[in-house]
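Below is one structure, written out as structure tokens; the observations come after it.
The values are calculated or read from the model by the stated rules, or taken from the named source; none is laboratory data. This one's a predicted model, so the numbers in the text were calculated from it and none came from an experiment. For neighbour counting, all protein chains shown are included, and Cβ atoms are generated from backbone atoms with ideal geometry for every residue, glycine included. Accessible surface areas use protein heavy atoms only, side chains included; no ligands, DNA or RNA. Shrake-Rupley method; radii C 1.70, N 1.55, O 1.52, S 1.80 Å.
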Amino acid sequence: MANSASGESVIERVVKIMDAFSKGQPWLPLKDMVRITGMSRSTVHRLAMDLAANGLLERNAAGEFGVGMKMWELASRSNPLEEFRRRGLPFLEGVHAAVREHVALSIPDVETNSVLYLERLDRHGSVMNLAEVAGRLDIHTTSSGMAMMAHIPGWVQDRFLAGKLEKTTQATEVDPARIRSHLAQIRERGYARLVGVLVEENTAYSVPVFGQGQAVIGAISVVVPSVDEDAGLILPVLVAAGRGLSRTMGAERRPYGSRPWLSHLEP
């Protein structure tokens, strides 16, 4: 029930406060929380103090607020995404050990046409990778998003393609017909490959992860500087990891077939 002049419920206002924190801003003074949320100082102060009293926020010596330990505790012991992340981590570690590049685990959010990243293992060195843990990127700009969208029901694809698609670089594809053709190609190959879409110097590979009923539930991706790309190294371990995690998550074993992923073709 709404109980404020703005029509927002208490829960909606609490979510605004929690959304104010980020990796770049883990601690916020009250004035910044007021500015970011757009709520009154008295409302933010009252809610922040209540959240801190219950362990969902905490305060440092400077009086700034940060996300409390209890938030991590609640999510870690009860959130299905944490279970998926935990089961996926050994497979990510195997891929990372083999390719020595950025490796990530993600899930789709078709309501917002975005990809949510659950885990990331980094390549050492100064390589730009925009995928951040608990961060989101647009589906059409990521190999993981395209690998997952290729296996999502057709009516969801139609809704996705009917929306506005923004370019991130000159290589970003935004034409619905071309994207639909690319999705069909991904289904045929068993993997997605995007070159220079998020970062012009990078190439990204992804394979889908399936769960019970063969529904796509996530993706494992590798991001590599294009000058270091080695499909013969990346694809076998990436495909094996995707199949292994899929079986762990309850998917049926799929026949290997002709293994089209062995042929590194231009998208």
### Query
Which one of MET148, MET39, MET249 has the biggest mean-square fluctuation once the chain is modelled by GNM with Cα springs under 10 Å?
MET39
### Task
Would you compute the Debye intensity of the chain from its alpha-carbon atoms alone, equal scatterers and no solvent, and pass along log10 I(q)/I(0) at q = 0.11, 0.13 Å⁻¹ to two decimals?
-0.70, -0.91
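Report the net charge of residues surrounding GLU82, where surrounding means a beta-carbon distance below 14 angstrom and charges are Lys +1, Arg +1, Asp -1, Glu -1.
+1
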### Query
When we measure straight from the Cα of LYS164, which lysines land under 27 angstrom away, once same-chain ones fewer than 8 places off are left out?
LYS16
### Task
Give the accessible area for TYR205 in Å² (nearest 10); use a 1.4 Å probe, count only protein heavy atoms, and leave out ligands, DNA and RNA.
0
### Accessible heavy-atom area order of VAL14, VAL133, highest first, probe of 1.4 Å
VAL133, VAL14
#### Entry: the stretch 103-178: Cα Rg divided by the 2.2 N^0.38 Å rule of thumb
1.14
### Query
All other residues with a Cβ under 15 Å from the Cβ of PRO225 taken together, and with Lys, Arg as +1 and Asp, Glu as -1, what is their net charge?
-4
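When the helix-only estimate is applied to the chain (DSSP H runs of n ≥ 4, each -39,500 (n - 2.57), divided by the residue count), what is the mean residue ellipticity at 222 nm, nearest 500 deg cm²/dmol?
Working: 9 runs with 109 residues, N = 267.
It comes out at -12500 deg cm²/dmol, rounded to the nearest 500.
Report the relative contact order of the stretch 1-157, percent, no decimals, based on alpha-carbon pairs under 8 angstrom and at least 6 residues apart.
On the way: 169 pairs, mean separation 18.2, N = 157.
Averaging sequence separation for qualifying contacts and normalising by length gives 12 percent for the stretch 1-157.
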### Summary
The farthest towards the positive end of the charge dipole of the chain, of the residues ASN79, LEU235, GLY63, given +1 on Cβ of Lys and Arg and -1 on Cβ of Asp and Glu, is ASN79
### Task
May I ask you to rank GLU82, GLU201, GLU93, GLU101 by accessible area, largest first, using a 1.4 Å probe over the protein chains only?
GLU201, GLU93, GLU82, GLU101
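Please report the relative contact order for the stretch 129-239, taking Cα pairs under 8 Å with a sequence separation of at least 6, and give it as a percent rounded to a whole number.
Numbers: 168 pairs, mean separation 30.8, N = 111.
Relative contact order comes out at 28 percent.
Once you have the alpha carbon radius of gyration of the stretch 1-145, what is it after dividing by 2.2 N^0.38 Å, with N set to its residue count? Kindly include the intermediate steps, with their values, before the conclusion.
Details: Rg = 18.1 Å, N = 145, 2.2 N^0.38 = 14.6 Å.
Ratio of Rg to 2.2 N^0.38 Å for the stretch 1-145: 1.24.
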